[in-house]
Amino acid sequence: MKPIATCLAVVLVVGLSRVGDGGEAQATIISKRDTDYVFSLTRPVWEERSKKFFPRGWIVRSAAHDTGTQIIGFDPSNDIGLSIRPLYQNDYDPPDTLVVDHYFPVGTLEPMTDEMKNDMERAAQKDLGSAYSVRLNYTTTEKLEAIELIVTKNK
């Protein structure tokens, strides 16, 4: 089993760091730079640019929702997945909320405890700073473990 923070860092560094922007990714739970970027986009711009979040070799799919398109990437080399879903009210304002899900095969991560969940939520909040509020959820199914970050911009 791998430490959760290590797996999240790998997923976020690979998945959320925009491909081809020349910047270096940092090992954080969630990138403030990428979060700021998504929160700066209108729905039509997100629809156009969203697939660029995933590197070559990942399997990328999208799912249309009333609140905007969810983009889902899966790395076949390690069975890890990432889903990014900004929630829009309309086509001309930035999203109200950003939902980022990380998917791991069961047994990949160390067992999740309330303390670990709280530590990860605090680390994500620290990474994003006072401009955002973060809530972390953890779920598991027969085949997958999911760590979900729900991010809202503070007004």
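Taking H placed 1.01 Å from N in the peptide plane, check which residues at least 5 places from residue 110 or on another chain put their amide H under 5 Å from its amide H.
Those qualifying (amide H under 5 Å, at least 5 residues apart or on another chain) are 2, 4.
Mind listing the phi-derived Karplus ³J(HN,Hα) values for the range 65-76, rounded to whole Hz, using 6.51, -1.76 and 1.60 with θ = phi - 60°, and x for any glycine or proline?
Going residue by residue, I get 10, 4, 9, x, 7, 9, 10, 10, x, 9, 9, x Hz, with x marking Gly and Pro.
In terms of modelled amide H atoms, which long-range or inter-chain residues lie less than 5 Å from the amide H of residue 97?
87
Each residue of the range 99-113 in order: what ³J(HN,Hα) in whole Hz does its phi give by Karplus 6.51 cos²θ - 1.76 cosθ + 1.60, θ = phi - 60°, with x for Gly and Pro?
Working through the residues one at a time gives 10, 10, 10, 10, 10, 9, x, 4, x, 6, 9, 5, x, 7, 10 Hz.
Using θ = phi - 60° and the Karplus curve 6.51 cos²θ - 1.76 cosθ + 1.60, what whole-Hz ³J(HN,Hα) does each residue of the range 136-144 get, with Gly and Pro shown as x?
Calculated HN-Hα couplings, in order: 10, 10, 10, 9, 9, 10, 4, 10, 10 Hz.
Among 53-63, 36-46, 98-108, how do they line up from the highest to the lowest mean number of other beta-carbon atoms within 10 Å?
Working: 53-63: 13.8, 36-46: 16.4, 98-108: 18.5.
Those peptides, ordered most packed to least, come out 98-108, 36-46, 53-63.
Given H placed on each backbone N at 1.01 Å, which residues far from residue 132 in sequence or on other chains put an amide H within less than 5 Å of it?
For residue 132, whose amide H was placed from the backbone, the distant partners under 5 Å are 154.
Quick check on the range 99-155: what does the Kirkwood estimate of hydrodynamic radius come out to from the alpha carbon pairs, in Å?
Values: mean 1/r = 0.0832 Å⁻¹.
Every distinct Cα pair counted, the radius reaches 12.0 Å.
For a quick check: sort 88, 132 by the number of other beta carbons within 10 angstrom, fewest at the front. Mind showing how you got there, number by number?
Numbers: 88 23, 132 19.
By the 10 Å Cβ count, ascending, the order reads 132, 88.
Mind checking which lysines have their Cα closer than 25 Å to the Cα of residue 155? Skip sequence neighbours fewer than 8 apart in that chain.
32, 126
Values in this text are rule-based calculations from the coordinates and carry no lab data. Just so you know, these numbers come straight off a predicted model, no measurement behind them. Cβ atoms come from the backbone with ideal geometry, glycine included; neighbour counts cover every protein chain shown.
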